[in-house]
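Input: a single structure, listed below in structure tokens.
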Ligand code: NAD
């Protein structure tokens, strides 16, 4: 009897890639993981270390090194290859090199016959996801940037700390660029079904004046706060990436804010950015179009303008 194996390839066996692989095996998400890296020794070292965990985990996952040719029958390719920004650089400063790296990965993977889903983690993630969409020729629902999934988790942490509830009881999205210009539609933040704005109004005595703009800034800055202390970030993004993988592999219809192509939603066209999406075995099944106030829509569009400016530069190069 031949059973189809669920396979995930991770390209970039650095900190984000190997932490994603570790999260996958500890949660027992798939049958096989291929680790691919330009640094073959690094990939092999990670494969060995990951295999040495199996004895103590709930299930056996076959973790091996792979090549782009091996990606033909892989379900999901996660791209985490690239260089994290150097001190003083923004994510956008890494665009040119990141695009070159991603091109050298995507072309041979497509040549292998791969027809699955790309999850893009490499920064600047919105623009790189768009680039992968253009050069891969795959349908838009097959290209998923991790977008503001990790920022939304950070935002929930800030709100949770403020009002002392479990972050998972909070509904909140960060939207737009996975970067400095991201915004938060406060009119859609709820805690246990109660509007956050009303919670603030009802608890003035307890909470005092809460600076929402600062909370947005703190959310956008949170990755940098981690970066300043440990030189990079990887646990949170790995957790978000695995949540996206599970939503696809288990056909969950889970709503996660990811970077996807807008084609008229929010009045925007031809731009990848972070918006809440329904994810299932079709990848991005639907984009949730939440009603933004005029002020929120302006902030969202400002963020999109920044993504578009950089996207145009890089897309021009492939025309
Ligand atoms: P890292 O330096 O630890 O790992 C990167 C890996 O990519 C290295 O092992 C390197 O050998 C490999 N690589 C480089 N060029 C390659 C190529 N041409 N082909 C195959 N592999 C190649 O870096 P990291 O901390 O794991 O970060 C990786 C990427 O993820 C960066 O772009 C970083 O900005 C991004 N990142 C994104 C988020 C997010 O929220 N989207 C969060 C953290 C990091």
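The values are calculated or read from the model by the stated rules, or taken from the named source; none is laboratory data. Only a predicted model underlies this, so the values are computations on that prediction, with no experimental measurement involved. No Cβ is skipped: glycine too gets one built from the backbone with ideal geometry, and neighbour counts run over all protein chains shown.
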- Those residues of the range 25-47 which are more than 22 Å from residue 108 (Cα to Cα), outside any loop (DSSP other than H, G, I, E, B) and away from the ligand (no atom under 15 Å from the Cβ), in sequence order: 25, 26, 27
- Query: What do you reckon, is residue 106 surrounded by 20 or more Cβ atoms within 10 Å (Cβ to Cβ) and assigned to a strand (DSSP E or B)?
  - Reply: no
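Table: residues versus (1) free of Cβ contacts under 8 Å to residues at least 24 places away in the same chain; (2) within 20 Å of the chain's Cα centre (by Cα); (3) in the same structural domain as residue 128 (by TED's automatic domain parsing).
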site	(1), (2), (3)
230	yes, no, no
247	no, yes, no
259	no, yes, no
292	no, no, no
- Subset of the range 118-137 [over 16 Å from residue 177 (Cβ atoms) and either in contact with a strand residue (DSSP E or B) (Cβ under 7 Å, 6 or more places away or on another chain) or assigned to a helix (DSSP H, G or I) (or both)]: 118, 119, 132, 133, 134, 135, 136
- Looking only at the range 159-201, which residues are part of a strand (DSSP E or B) and either surrounded by fewer than 17 Cβ atoms within 10 Å (Cβ to Cβ) or away from the ligand (no atom under 16 Å from the Cβ) (or both)? 170, 171, 183, 190, 191, 194, 195
- Residues within the range 1-24 that are part of a loop (DSSP other than H, G, I, E, B), more than 8 Å from the ligand (Cβ to nearest atom) and modelled with pLDDT of 95 or more, tallied: 1
- Task: Taking only the range 223-234 into account, find how many residues are closer than 24 Å to residue 24 by Cβ and more than 10 Å from the ligand (Cβ to nearest atom).
- Result: 1
- Message: For the range 72-81, give me each residue that is within 10 Å of the ligand (Cβ to nearest atom) and either surrounded by fewer than 24 Cβ atoms within 10 Å (Cβ to Cβ) or assigned by TED's automatic domain parsing to the domain that holds residue 282 (or both).
- Response: 81
